[in-house]
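Below is one structure, written out as structure tokens; comments come after it.
FYI, it's all coordinate maths here, none of it is from the lab. No experiment lies behind these values; they were computed from the predicted model shown. Quick reminder, even Gly has a Cβ in these numbers, built from the backbone with ideal geometry, and neighbours come from all protein chains shown.
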């Protein structure tokens, strides 16, 4: 992810650069997480519109940041994980599913 993409993502979350976090602390993580929950909606419109679902970082950022859309769990977690990693957080993406 380039610095311009980080800045655009942070703007999407309501943070105007250069006032973006520089240290990966628990308080910064909490703030980013709450902002993400409030600004980037869960949505599954792509499924209903027959759009191709691609979980590559560039496509996720294009959708969530560039197109200012939301996404479903894998899309949102992938995009947010990329942002967090770029900001210096340790990120491990895990797969899960609903039981039953």
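Scanning region 54-93 for residues that are over 16 Å from residue 33 (Cβ atoms) and in a loop (DSSP other than H, G, I, E, B) yields 54, 55, 56, 67, 68, 69, 72. Quick check on region 79-88. Is at least one of its residues more than 16 Å from residue 7 (Cα to Cα) and surrounded by 11 or more Cβ atoms within 10 Å (Cβ to Cβ)? Scanning region 79-88 turns up no residue that is more than 16 Å from residue 7 (Cα to Cα) and surrounded by 11 or more Cβ atoms within 10 Å (Cβ to Cβ).
Cβ-Cβ contacts under 8 Å between residues 6 or more apart (or on different chains), taken from a first residue in region 54-65 that is more than 15 Å from residue 84 (Cα to Cα) to a second residue that is exposed (fewer than 15 other Cβ atoms within 10 Å of the Cβ), are listed as 55/74.
Just the residues that are under 12 Å from the mean Cα position of the chain (by Cα) and outside any helix (DSSP H, G or I), please, taken from region 2-19. Result: 13, single match. Within region 20-37, identify whether any single residue is farther than 20 Å from residue 2 by Cα and within 10 Å of the chain's Cα centre (by Cα), and answer yes or no. Scanning region 20-37 turns up at least one residue that is farther than 20 Å from residue 2 by Cα and within 10 Å of the chain's Cα centre (by Cα).
Among the criteria (1) surrounded by fewer than 16 Cβ atoms within 10 Å (Cβ to Cβ); (2) under 15 Å from the mean Cα position of the chain (by Cα), the one residue 50 does not fulfil is (2).
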